[in-house]
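Read-outs throughout are calculated quantities, based only on the coordinates presented, and are distinct from any laboratory measurement. In this text the structure is predicted, and so the values were computed from the model without any measurement.
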Amino acid sequence: MTSSPTLRCRPASEPDLVAAAPLPEVVFRPPPAWKRGIDLVCASGLLVLLSPLLICLGLYIKFVSRGPILFSQKRIGAGMREFVIFKFRTMEADRETMTNRTETHGDYVAQLAKSDQPIKKPEYRSQLIRGGNFLRKLSLDELPQLINVLQGNMSLVGPRPDVLDLEHYENWQLRRFEVLPGISGLWQVSGKNSLTFSEMVRLDIRYIDNLSCWNDIKIMLKTLTIILSQNNE
């Protein structure tokens, strides 16, 4: 794989532009009507219900730090296509520092993907804005991804999008791109940071193979329980 746009998914009609062996085909499975319906109803309802909180969080971030309220980043989504993910910014917004941090974090995750070590994010405590760790602990920084859900490039439940380039995946792991990525997923409620990258992908594939309305509801309820339990720690 060359260093040219590895994240971009080429349409079937577009000729192959690289000499390296092509990636295996990943067939995107559009979400069933029940899943898209739940996404639209819940995401729009939550955005309205949580609008006072979202406004307060945005004002707080603007008050304690310089820079944009939202952090946006390209990730790989369904069908191996790029999309832009949104989060509340929890780290200092110096452009050079952010660029270096993104590259460093990508290298870190790539190394973990090839090892048997659990997936544990670096804390970056010295680079967090005031209160940034609290926002992350309660997953409040993830709330803007409700916009991604309404846009249709994410779902409430699905494989969690990460920062890896496609070249770092083994062929069997590419199945996680068959469905829309999610704000939460089976990995988040099954051990999360205690699991290896391969174990995470296997959970993603298990979720895909057993996709059902009831499983999505169970994952959403477990996610809420985990967040509330963290708040009480």
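Worth a mention:
- Percent breakdown of C-alpha pair distances by 5 Å bin, ordered from the shortest bin, for region 33-227: 1, 7, 15, 20, 21, 18, 12, 5, 1, 0
- Distant-in-sequence amide contacts of residue 196, defined by a placed amide H-H separation under 5 Å and a gap of 5 or more residues or a different chain, comprise 119.
- Descending semi-axes in whole angstrom, ellipsoid equivalent of region 22-85, from the Cα gyration tensor: 31, 21, 4
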